[in-house]
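A.B. asks: Take this structure first; my questions come after.
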Amino acid sequence: MLTRGNYKLGQDRIWSFSLPSGTTETCPGMTPTCGSHCYAVALERYRPATANAYRRNLELSQRRDFARRVRAFIVAHEIRIVRIHVGGDFYSPRYARTWLRIVRRLPRVTFYFYTRAWRVLAIRAVINRMAALANCVAWFSADRDTGVPADVPPRVRVAWLMTAPDDTPPASTNLIFRVRRLRRVPHPTGGSPVCPNENGAVRARPTTCEVCGRCWRPTPGGRFPLPVIQPDL
Ligand code: SF4
């Protein structure tokens, strides 16, 4: 179900839940650009065990007791930060509503996600409700195929996938990710920040998300107390 950390997230604080990637079945907002640079598809290709785990998660997500199981898992493991979807995306309004319930009922757990499902109106409506919750940090993923989304809700930030040196992110972008071949090249200063893992700076150790916090911290320096389950609403 949820797994603890990885090379980029860090090994301790951040857990994630993932689904298979790379088709519109589980990534309904995918674009030619993101489809051709998807790290999650590559991961599933060279790690069959991971691909199997993601397929099992997809089956789990279709069970009626999915929300209850996820909440119980989070509480049992005293998880404080959850990245929804290292792979996959909100694939239907119903599935997105399930996560909305989970996020609502665990107000002391921080959830964050990047999504291209904002391109599907019925799913976007649910995502916007999730993004309005204080314990949720939502990123709309964008690229040269989508352009910057119109009407971005106040609490939602925009992450741009930069795929070529001439793929200049619009000024309203809040964060830039870069495809692998660009990551070793220092990014010009000024403009939107680049993920510190991908900005070409030489470091003794890669920056992990649990240390960086740009994507998941609702407020700088915020504290993350133990999770609690609220009574059913
Ligand atoms: S900006 Fe920071 S938190 Fe966001 S993906 Fe990069 S390292 Fe992780």
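The values are calculated or read from the model by the stated rules, or taken from the named source; none is laboratory data. These figures come from a predicted structure and were not determined experimentally. Cβ placement follows ideal geometry from the backbone for every residue including glycine, while neighbour counts extend to all protein chains displayed. Areas reflect the complete protein model, heavy atoms only, side chains present, ligands, DNA and RNA absent. Shrake-Rupley method; radii C 1.70, N 1.55, O 1.52, S 1.80 Å.
A.B. asks: Report whether or not GLY213 is within 11 Å of the ligand (Cβ to nearest atom), modelled with pLDDT of 95 or more and touching a Pro at 6+ places or on another chain (Cβ under 9 Å).
C.D. replies: yes
A.B. asks: Then there is this: Could we say that ALA53 is aliphatic (A, V, I, L, M), in contact with a strand residue (DSSP E or B) (Cβ under 8 Å, 6 or more places away or on another chain), open to solvent by 20 Å² or more (accessible area, probe 1.4 Å) and in a helix (DSSP H, G or I) here?
C.D. replies: yes
A.B. asks: Let me ask another. Given the residues ARG45, ARG64, which is the only one that is in contact with a helix residue (DSSP H, G or I) (Cβ under 9 Å, 6 or more places away or on another chain) and farther than 15 Å from HIS85 by Cβ?
C.D. replies: ARG45
A.B. asks: Another one. Could you count how many residues in the stretch 77-94 are under 15 Å from the mean Cα position of the chain (by Cα) and part of a helix (DSSP H, G or I)?
C.D. replies: 0
A.B. asks: Find the residue count for the stretch 102-121, including only residues that are under 25 Å from ARG69 (Cα atoms) and out of contact with any His (no Cβ under 8 Å at 6 or more places or on another chain).
C.D. replies: Qualifying residue count for the region: 12.
A.B. asks: Further, regarding this structure: On the basis of being in contact with a strand residue (DSSP E or B) (Cβ under 8 Å, 6 or more places away or on another chain), among the β-branched types (Val, Ile, Thr) and either more than 29 Å from PRO153 (Cβ to Cβ) or surrounded by 15 or more Cβ atoms within 10 Å (Cβ to Cβ) (or both), does VAL41 make the cut?
C.D. replies: No: the conditions fail for VAL41.
A.B. asks: If you don't mind, another one. How many residues are in a loop (DSSP other than H, G, I, E, B), more than 8 Å from the ligand (Cβ to nearest atom) and within 16 Å of the chain's Cα centre (by Cα) when one looks only at the stretch 174-210?
C.D. replies: Summing the residues that are in a loop (DSSP other than H, G, I, E, B), more than 8 Å from the ligand (Cβ to nearest atom) and within 16 Å of the chain's Cα centre (by Cα) in the stretch 174-210 gives 1.
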